Amino acid sequence: MKKIDYVIELESVNDIENILKYLGEKHNNEFDKMFFRGQKDESWPLIPSVERSHKTKEPKIRANNADELFRGIAKLQHTGRPTRFLDYTSDLFVALFFACEDAETCEVETNGSLYATWYDYRPENNLDVSSVCWLTQLKKPVKIKDFCKKHLTNEYDDVQDYISCLISFINNGFIVKPSDEFYNEALSHNPNIFAQRGCFYIPGNRLDSEITSIKNFDNVKILPKIELTSYILTNPKYTTKFIIPNGIKKDILNYLKTQKNITRQTLFFEWYGNKK
């Protein structure tokens, strides 16, 4: 591997082993906090599908609670509908497949990219996840205080405590790593997310004005717009970008097939009818 500024370029399929070694040294072997995303074109930015499509409005989902809402959005994301969820995985080799998948059927001319993001994560049943899911359903601006009053649960002592928590992630979002229970249940209704060990980066919302302290939020409103600027994805302390040259994509796909049993069929067995 060769490092150019904050970007690392793989030179051969043998560098796959060096990825984990490099990340382990950089992040004290905290692999439980490591998440990966592969993109077949290294020039593509890290942007959710709803912002890449012509449909800039997020899908509205009928849900009785936040858990149903999360599962509904996750299902839409894994069936190709545009959402604010940005697909990640806890499995490096799955992400490598998506960085190289275009080499399956044609001669490729574009380099791929692998993003490795190291960050604390939330499980799907965390209150922060519930909050950001409800934020996807906003139709118009709402005051922070009013939003928190509506969605306050017994996990927080009072509205002020909830507001403090919301402010901590509303601009930068976070990573969601589903629980084993979620993955096992997904086998019956969303098996692709099980096969891919799917996780999500979920961005927050824009605000109509800056919050300079916890005391000045009374009139600040949450906008029904996704905040795309996040230090989690842009700061090299948290996210490392690896370039996958087009010339080694087929070699990587062959390695994944023969050494890791990772193919399109094993990652999309909902469509192909077999299991990993």
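Any read-out appearing in this document is the output of simple, stated calculations on the displayed coordinates, not a laboratory observation. This structure is a prediction, so every number in the text was calculated from the model and none was measured. Using ideal geometry, Cβ is built from the backbone for each residue, glycine included, and neighbour counts are taken over all protein chains shown.
Observations, loosely collected:
- Fully extended contour minus Cα-Cα distance, from Ala63 to Asp146, at 0.36 nm per residue: 27.9 nm
- Sorted by Cβ neighbour density within 10 Å, fewest at the top, the residues Trp44, Trp118, Trp134: Trp44, Trp134, Trp118
- Near His189, once Lys and Arg are set to +1 and Asp and Glu to -1 for all other residues with Cβ below 13 Å from its Cβ, the sum equals -1.
- Across all directions, the shadow cast by the convex hull of the chain built on its C-alpha atoms averages 15.6 square nanometres.
- Sequence of Leu86, Leu127 once ranked by neighbouring C-beta atoms within 10 Å, starting from the fewest: Leu127, Leu86
- Contact order for the stretch 135-271, expressed relative to its length and based on alpha carbon pairs under 8 Å spaced 6+ residues apart, stands at 29 percent.
- Interatomic Cα distance distribution for the stretch 1-85, bins of 5 angstrom, percent: 3, 11, 14, 17, 13, 12, 14, 9, 5, 1, 0
- Spatial separation of Cα centroids for the stretch 65-119 and the stretch 234-250, in angstrom: 15
- The stretch 177-276 gives an Rg/Rh value of 1.14, both radii derived from C-alpha positions and Rh following Kirkwood.
- Values of log10 I(q)/I(0), in the order q = 0.18 Å⁻¹, for the stretch 47-193 under a Debye, Cα-only, solvent-free model: -1.24
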